[in-house]
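Enquirer: This is the structure, below, for whatever I ask next.
Every read-out reported here was derived from the displayed coordinates using simple, explicitly stated rules and does not represent laboratory data. Bear in mind that the values here come from a model prediction, so they are computed numbers and not experimental data. Here the Cβ positions follow ideal geometry from the backbone for every residue, glycine too, while neighbour counts run over all protein chains shown.
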Amino acid sequence: MPEEVKEVKILEKPWVEKYRPERLDDIVGQAHIVKRLKHYAKTGSMPHLLFAGPPGVGKTTAALALSRELFGEHWRPNFLELNASDERGINVIREKVKEFARTKPIGGASFKIIFLDEADALTQDAQQALRRTMEMFSNNVRFILSCNYSSKIIEPIQSRCAIFRFRPLNDEDVAERIEYIAGSEGLTLTEDGLQAILYVAEGDMRRAINVLQAAAALDTTITDENVFLVASRARPEDVRDMMKLALEGDFLKAREKLREILLKQGLSGEDVLIQMHKEVFNLPIPEDRKVALADRIGEYNFRLVEGANEMIQLEALLAQFTIMGK
Amino acid sequence: MEKYRPRKLADVINQEKAKDAIRAWIEEWLKGSIPKKRALLIAGPPGTGKTSTVYALAREHHFEVIELNASDERTYEKIERYVQAAYTMDILGQHRKLIFLDEADNIEPGGAREIAKLIDRARNPIILAANRYWEVPREIRAKVQMVNYKRLTQRDVIKALVRILHAEKKTVPKELLYEIAKRASGDLRAAVNDLQTVVTGGTEDAMEVLAYRDVEKSVFQALAQLFATDNARKAKLVVLGVDMFPHELLQWIDENLPYVYYRPEDIARAYEALSRADIFLGRAQRTGNYGLWKYATDMMTAGVAVAGVKKKGFVRIYPPKTIKLLTESKGERTLRDSIVKKVMAEMHMARLEALETLNYLRAIFEHDPEMAAHFVVYLDLTEKEVEFLAGKGELARRIWGKTLNIHKKLKGERNQLKEHVAAAGATGKGEEVTEEELKKAEDEIEAVEEGKTGKEEPSKKKGKQATLFDFLGKK
């Protein structure tokens, strides 16, 4: 949407945006990182940064807030957000970087910032290319790479970056923020409702706020029932159902579910494996089976990378579930 | 049949991209220089115009075609003798030679190296044709420039048939024409042959006369045989006649396997074989070593056939649902992906997070049209995208109506601002805007905001409505 529209006051923003902290000081639960980022802001210089950590703990927020504090009101033209998983191929990224780096920073800053989300989605080769790009434009561009696991980032890039490990948020941090938002929005937050939000959020602030807003769409009183209702749509229930069907030996039904998840909901094969792996320990099966199944999931994750057709590998995995369920 | 072969390259139907590459390649020869790859491989299903292309090229540029058929004349001496001509110019200088090696996917491995060497020395163009490029020996594939001819559509075939009928001043009932095109499965040569049969033999009993050419028919047969045997060798052989890429065949086998096997351990064993097959396909794809495809085929045929106890009796074979699902859900997926893109950009999210957010959006769109409308404007969603989230019908229309309202208000406010800017500008360059004017402008803007945002008119229907508005610029 056009930039100016966002600044006009008639429009309500999504709560994850509306309540995104604008200043570094307002970031929750990452004091060790904020301290160093503030130092960069104060001195007006920084190296390339690598933000590693689970989703929804403040990586993007930190990058945005840092830019605001570095560049002041001129932050927008000096900040470019790219997504590694979105821009298929490193070439697109390189072109965009080139285009962005071509012009001077605005407002007397000595560099611009490129925030590359999901940097760990890039292949090794693409990361090599990224490293060269980083070097080429290091005169007037600083990169902030964001990833879930820093180990998936190649050594040469890691060594060129200051690495920041974002901690998972604890429930108190999330609860405090949720209570604040509920208050500002005039909601009644029940204790059960809050506990339910914390349960489904698993330390992910973004998910917590999204769930809160979705539950608020149902009723101004936030109950655990409504929280679970909206969260169950998003939570990988389907993945769990699929695994249950397979464990009960109904391969055909399980396969149908899988196809629905992959083709209709649009999850990638790897997404499905991640969810399966998460859910497997919640299944009502003997403990040793959980471990055996986790091992199988790992094996087929490996095969997925080696193979050509995700569907085939996942179906083969489900077939493994049918024999292990007995 | 021969009568209607294309006379110019331009007349070859619906292979524009490949033809451009061919044209560029032959231009090199015509200019007297030698292209990087001295041989060209045209790969594609039967009846897509490979042979026609060669003869059209020859006619257009005055080449004499030396046609060799790899499957007919396999002896090395013969090939050697003919291909010698490849680098001997005609002494009279009238007709340059064009070597055409058909069925290059049937060359014996023994002769492959020799042919590869001959290609290196060639001074005249060599064109190879093959249905299955991956069965062209590797040594040769390394020496050729490859172009792919795609399977013709039913439409292409019908158009070509109609053109022939026009030229022959003959007519054939429309249904029959469509039937011929359908049965040809993109093989124009087969279609023209059938047309000839029908035209010369009369149209009364045409349906019976026509040979059944449906490609998928043979897949059905092959799979029925595959799922009836426990013999590894036989299982491999039954799919030989199927004109399909291994990864397509894999999907067919995948679809039907769980109907044939019924014990979980057998299903698991069969899928283990498919998993291995897919890994070979993946490696072939990544490394370009298509020799690996044969192991993939082994696993998906023989590997599956020996996996366990099969259901007795008649097995019905189904076409792969996945392909159908993909085609059916294409529109949906395009919409979903475009919403995901917008969520990623406007709400700073990774793809997986954006996908998750779609589910929250669905809940919001279902229960709170007002809140939904704000999302629509914020994300700049289209009407179709709103329908994707809210379902087609009353609800989507209501949300869409509300977004128009928001847009109107936004526009009103922006116009006001513009007017003030313009008014300020009109007072003259360099001149200061008077205090009074400024104050007046500010008052007006404020009046607009308060009047229209709903801040002062809370909760007509729902108590929380007032809280929906974010006066973020509380500067």
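Enquirer: How many partner chain Cβ atoms sit within 10 Å of a residue's Cβ in peptide B:281-287, on average, as a whole number?
Expert: Counting Cβ atoms of other protein chains within 10 Å of each residue's Cβ and averaging gives 3.
Enquirer: Further question on the same structure: For chain A, what is the calculated [θ] at 222 nm in deg cm²/dmol (nearest 500), taking -39500 (n - 2.57) for each run of four or more DSSP H residues and dividing by its residue count?
Expert: That comes out to -17500 deg cm²/dmol.
Enquirer: So what is the relative contact order of region A:56-129, in percent, for Cα pairs below 8 Å that sit 6 or more residues apart?
Expert: 39 percent
Enquirer: Related question: Can you tell me the length gained on complete extension of the stretch A:Ser268 to A:Gln195, counting 0.36 nm per residue apart and subtracting the Cα distance?
Expert: 23.2 nm
Enquirer: Also, quick follow-up: Please compute the contact order of chain A in relative form: average sequence separation of alpha-carbon pairs under 8 Å and at least six residues apart, divided by the residue count, as a percent.
Expert: Answer for chain A is 16 percent.
Enquirer: So, one more: Would you please classify the overall shape of region A:3-165 from the alpha carbon gyration tensor, given that a ≥ b ≥ c denote the square roots of the eigenvalues, rounded means a/c under 1.5, and beyond that prolate means a/b larger than b/c while oblate covers the rest?
Expert: Taking the square roots of the gyration eigenvalues as a ≥ b ≥ c, region A:3-165 is rounded.
Enquirer: For region B:276-358, which chymotrypsin sites (Phe, Trp or Tyr not before Pro) pass both filters: DSSP loop (anything but H, G, I, E, B) and at most 14 other C-beta atoms within 10 Å?
Expert: B:Phe314
Enquirer: Which of the pairs B:Lys342/B:Lys402; A:Lys253/A:Lys326; B:Lys19/B:Lys294; A:Lys326/B:Lys310; A:Lys290/B:Lys310 have their Cα atoms more than 28 Å apart in this structure?
Expert: Checking Cα-Cα distances, B:Lys19/B:Lys294; A:Lys290/B:Lys310 exceed 28 Å.
Enquirer: If you average the alpha carbon positions of region B:285-327 and of region B:378-417, how far apart do those two centres end up, in angstrom?
Expert: Comparing the Cα centres of region B:285-327 and region B:378-417, I get a distance of 48 Å.
Enquirer: Here's another thing I want to ask about it. So how much slack lies between B:Lys312 and B:Arg7, counting 0.36 nm per residue of separation and subtracting their Cα-Cα distance, in nm?
Expert: 104.3 nm
Enquirer: Would you be so kind as to identify which of A:Ser159, A:Phe302, A:Ser268 lies farthest towards the positive end of the dipole of chain A, taking Lys and Arg as +1 and Asp and Glu as -1 on Cβ and the Cα centre as origin?
Expert: A:Ser159
Enquirer: Turning to a different aspect of this structure: Across peptide A:12-25, how many C-beta atoms of other chains are within 10 Å of each residue C-beta, on average?
Expert: Mean inter-chain Cβ contacts per residue within 10 Å come to 4.
Enquirer: Measuring from the lowest to the highest alpha carbon on each principal axis, how far does region A:171-234 reach, largest first, in angstroms?
Expert: Result for region A:171-234: principal-axis Cα extents of 25, 25, 18 Å.
Enquirer: Lysine pairs, Cα distance under 22 Å, 8 or more residues apart or cross-chain: how many in region A:33-159?
Expert: Count of close lysine pairs: 14.
Enquirer: Counting only other chains, what is the mean number of Cβ atoms within 10 angstrom of the Cβ of each residue in peptide A:261-271?
Expert: Shielding by partners across A:261-271 averages 4.
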